[in-house]
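The next block holds one structure in the form of structure tokens; read it before the comments.
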Amino acid sequence: MTPAPSVLDHAPVLPVVVVEDAADAVPLARALVAGGLPAIEVTLRTPAALDAIRAIAAEVPGAVVGAGTVVSGRGVWDAVGAGARFLVSPGWTGGLLDAMEASGVPFLPGVSTASEVVALLERGVRDMKFFPAQAAGGTAYLRSLAGPLPQARFCPTGGISAASAPDYLRLPNVGCVGGTWMLPGDALAGRDWARVERLARQASTLRG
């Protein structure tokens, strides 16, 4: 069986989605996919999150839906049971990493220090989330890690905008960036999926 591709390799931008109403999940996901962003991280921050993942997995065949803000073993199994095809955490512990590894789906454990990166490399994990990206040192920090730890690749997330994303994407150790700017609050509130699709299409062209 061919292994699932890395979360870092689907598109230059990974939309980070907070779903308040599960009824919005499918049209939102369709807009992102139509705009060229097939990988969608639905954060486990709301009661609607698992239902949103379940609906996207069932009804949007072009989407690669995953779960974000995974912070426990139970969260891992709830997300995978709902149909999540990848997992993202803001940080990691040994127990959480064990659960993510056992899940059978790709995952991005969160790091913000060189020691955390080295610890994950010891466990054979090379793809990671760098969070909170801007607050933790931004592009300068990631550029510094590339020299001694070139085998680690990152999805920086946290404070990244359409303007700053290209700077991250030019780094050799960045596979994609996570962001929310293609999901403005007024567009979501107004269910303006055409605007979401337009912003997603712009985001999909940002690499380099």
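The values are calculated or read from the model by the stated rules, or taken from the named source; none is laboratory data. All of these numbers come straight from a predicted model, not from anything done at the bench. Positions of Cβ are backbone-derived with ideal geometry, glycine not excepted, and every protein chain shown enters the neighbour counts.
Checked against the criteria, Leu32 does not count as in a loop (DSSP other than H, G, I, E, B), touching a strand residue (DSSP E or B) at 6+ places or on another chain (Cβ under 7 Å), within 22 Å of Gly190 (Cα to Cα) and in contact (Cβ under 8 Å) with a residue 60 or more places away in the chain. Within region 185-208, if we keep just the residues that are without any contact (Cβ under 8 Å) to a residue 24 or more places away in the chain and within 15 Å of Ala25 (Cα to Cα), the residue that is surrounded by the most Cβ atoms within 10 Å (Cβ to Cβ) turns out to be Ala187. Inclusion of Ala23 among residues that are farther than 14 Å from Ala203 by Cβ and under 16 Å from the mean Cα position of the chain (by Cα) is not warranted.
All conditions but one from (1) over 30 Å from Gly95 (Cβ atoms); (2) in contact with a Pro (Cβ under 9 Å, 6 or more places away or on another chain); (3) surrounded by 24 or more Cβ atoms within 10 Å (Cβ to Cβ) apply to Val13; the one that does not is (2). Here Thr46 does not qualify as modelled with pLDDT of 95 or more, surrounded by 18 or more Cβ atoms within 10 Å (Cβ to Cβ), among the polar types (S, T, N, Q) and within 22 Å of Thr157 (Cα to Cα). When Gly66, Gly62, Gly73 are checked against the criterion of being touching a residue at least 12 places away in the same chain (Cβ under 8 Å), in contact with a Pro (Cβ under 9 Å, 6 or more places away or on another chain) and farther than 26 Å from Leu142 by Cβ, Gly62 stands alone in meeting it.
Say we look at region 164-183 and pick out the residues that are of a type in the set (Ser, Thr, Tyr) and within 16 Å of the chain's Cα centre (by Cα); which of these is surrounded by the fewest Cβ atoms within 10 Å (Cβ to Cβ)? Quick ask: steps written out before the conclusion?
Looking only at region 164-183, we keep the residues that are of a type in the set (Ser, Thr, Tyr), and these are 164, 168, 180.
Narrowing further to those that are within 16 Å of the chain's Cα centre (by Cα): 168, 180.
Values: Tyr168: 27, Thr180: 18.
Across region 164-183, the extreme among qualifying residues is Thr180.
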